[in-house]
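Below is one structure; the comments refer to it alone.
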Amino acid sequence: SALGCWLVVVLLVGSVDWGSGAQYETSLVHWNMQSTSRVRETGQEISRTSFNVKDWYKVQGPATAMAGLLQNGLYPNVFYDENLKSVPTQQFDVPWWFRSEFVIPNGTHHTTESIVRLTLKGINYKANVFLNGQKIGDKSDIIGTFRYFDFDVTSITHFNQSNALALEIYRPINTWTNDNTTDLAITFVDWNPFPPDNNMGVWRSVQLSVLPGPISVRYPQVSTTFTYSGPSNSSSFGTPQVAHLSILAEVENYSKKTITANFHVQIPGTEVSIHQ
């Protein structure tokens, strides 16, 4: 995003109802995947809607590479005895492609002010990202198992027709090393063994959102403290008299200019308007 800031609001007791603010929002669940060892085309080619995936594995996601293979009937009874050890790990030493096509429905309201946002909520472990023939993210930046990554894809996304997203995903290095090259990913122990692919893949959801304008408010958090009655030296807290809510939210500006906006919080029976 062009700008991210945190906004703190202190309020008296009340309930808060947060909306997503998106005019359209969906998670991508239909994927095709294949090893890069079997694909010669570039990310720009793979992320075009004309690309043929007939020899790829069909996968319901989010899913790791190993989960996708299991969905396609490979390695039966892998959870029995020590069968997991029979899965070749070398096949995951190279990146794997995860590809999905999506259509923003015809009924989705949008204007010249609308923003189309692509959010990766968990790629394990790093990835090159391509959309509609263009590279929008590099593995030197898109790295980290539990990190969120947002992309403003307004200019390259098509309404009412197919769009193609391709992720070239690299597995984490989970082998203990002495040269600080071990990745901070997902750790396993001897009684809960490492999966053969080290959980590489689309670990968590990939989300597409159409926003009504360049400003979004997300990830609200509410922290509550109380004012109590009773003597200050009492061993008990006493009776709560007033609840103070501290509301923390992430405000993002996807435009290339400074925007002044009003932040509204609705409490039953009243309204608090914050100018930020």
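So the values come out like this:
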item	result
Unique match (being closer than 20 Å to Leu165 by Cβ, out of contact with any helix residue (DSSP H, G or I) (no Cβ under 9 Å at 6 or more places or on another chain), charged (D, E, K, R) and free of Cβ contacts under 8 Å to residues at least 12 places away in the same chain) among Glu82, Glu25, Glu101, Glu41	Glu41
Residue within the stretch 208-216 that is farther than 27 Å from Thr145 by Cβ, touching a Phe, Trp or Tyr at 6+ places or on another chain (Cβ under 7 Å) and open to solvent by less than 60 Å² (accessible area, probe 1.4 Å) present	yes
Residue among Thr181, Thr145, Thr112 that alone is in contact with a Gly (Cβ under 7 Å, 6 or more places away or on another chain) and assigned to a loop (DSSP other than H, G, I, E, B)	Thr145
Scan of the stretch 119-135 for residues that are in a strand (DSSP E or B) and either modelled with pLDDT under 95 or open to solvent by less than 50 Å² (accessible area, probe 1.4 Å) (or both), ordered by number	Thr119, Leu120, Ile123, Asn124, Ala127, Asn128, Val129, Phe130, Leu131
Answer residue from the stretch 92-118, given it is within 18 Å of the chain's Cα centre (by Cα) and modelled with pLDDT under 95 and is nearest to Lys256 (Cα to Cα) among those	Ile115
Total residues in the stretch 69-90, condition open to solvent by less than 70 Å² (accessible area, probe 1.4 Å) and out of contact with any Pro (no Cβ under 8 Å at 6 or more places or on another chain)	8
Residue identified as modelled with pLDDT of 70 or more, of a type in the set (Val, Ile, Thr), under 25 Å from His110 (Cα atoms) and loosely packed, with under 15 Cβ neighbours inside 10 Å among Thr260, Thr187, Thr239	Thr260
Per-region count, the stretch 148-178, residues of a type in the set (A, V, I, L, M, F, W, C), part of a loop (DSSP other than H, G, I, E, B) and modelled with pLDDT of 80 or more	2
Residues satisfying the stated conditions in the stretch 91-113, i.e. more than 17 Å from His30 (Cβ to Cβ) and open to solvent by less than 10 Å² (accessible area, probe 1.4 Å)	Phe92
Pick from the stretch 39-68, criterion buried (at least 17 other Cβ atoms within 10 Å of the Cβ) and β-branched (Val, Ile, Thr), ranking: farthest from the chain's Cα centre (by Cα)	Val39
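The values are calculated or read from the model by the stated rules, or taken from the named source; none is laboratory data. Since we're looking at a predicted model, the values are computed, not measured. Counting neighbours? That spans all protein chains shown, and the Cβs are built from the backbone with ideal geometry, glycine included. Note: areas computed on protein heavy atoms with side chains; ligands, DNA, RNA excluded. Shrake-Rupley method; radii C 1.70, N 1.55, O 1.52, S 1.80 Å.
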